[in-house]
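The structure appears below as structure tokens.
No value in this document is a laboratory result; all are computed from the given coordinates. Here the structure is a predicted model, which means the values were calculated and not measured. Cβ placement follows ideal geometry from the backbone for every residue including glycine, while neighbour counts extend to all protein chains displayed.
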Ligand SMILES: [Zn+2]
């Protein structure tokens, strides 16, 4: 889920012109740009570099469009780089920018974040096998393009409750993180 604490200072003022809506990943189904005040421009300007991928769940069954609509809402003060639902992948914030997902400013500055749609509700908050497989391919792609090397759970593959008082990513997905890491590493030849 998307608890936002300290977004930190905005780097705005240096508008570098129209932002491309070209997704960072070829796997992306649709780029739906988040509202400009729901994330921070330029990770680099914040002194951040990408060193991890953080996994979230939506605590809801959402399409990538429905998640995008949340991030487009003025005053939401939250966002994610990606959203995964069944075979679809939405991108909302460029990887070069800082999405407000982890409820921790330093972690936001390091992370590429993914919201995963659930397939059912509380208490387990399951995720469908199809959505999980889509998540695996996206994680592998992000890791490869950003040179993250072999993924290690708790190091460069992280999850929301490491950084904030939240149950996110929920019991089901929390129990699948090692499988996620193993499968993504296999795709990348580790
Ligand atoms: Zn979360």
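Things worth noting here:
- The chain, helix-only ellipticity at 222 nm - DSSP H runs n ≥ 4, -39,500 (n - 2.57), divided by all residues, nearest 500: -7000 deg cm²/dmol
- The packing ranking of peptides 58-68, 95-105, highest mean first, is 95-105, 58-68, where packing means the average number of other beta carbon atoms within 10 angstrom of each residue.
- Distance in nm between pseudo-label sites at residue 182 and residue 145 (7 Å out along the Cβ direction from Cα): 2.7
- Difference of contour (0.36 nm per residue) and Cα-Cα distance, residue 66 to residue 51: 2.6 nm
- Per-peptide average of other Cβ atoms within 10 Å, ordering 162-170, 71-79, 131-139, 113-121 highest first: 113-121, 131-139, 162-170, 71-79
- For the chain, the longest principal axis of the alpha carbon atoms and the long axis of helix 177-187 meet at an angle near 80°.
- Cα gyration tensor shape of the range 75-190, rounded if a/c is under 1.5, else prolate or oblate by comparing a/b with b/c: rounded
- Cα long-axis angle, helix 129-145 against the chain (0 to 90 degrees, to the nearest 10): 50
- FRET efficiency for the pair residue 155 and residue 74, taken as 1/(1 + (r/R0)^6) with r the Cβ-Cβ distance and R0 = 45 Å, rounds to 0.80.
- Once the chain from residue 22 to residue 96 is taken as fully extended at 0.36 nm per residue, the excess over their C-alpha distance is 25.4 nm.
- In the chain, the DSSP beta bridges split such that about 30 percent are antiparallel, to the nearest 5.
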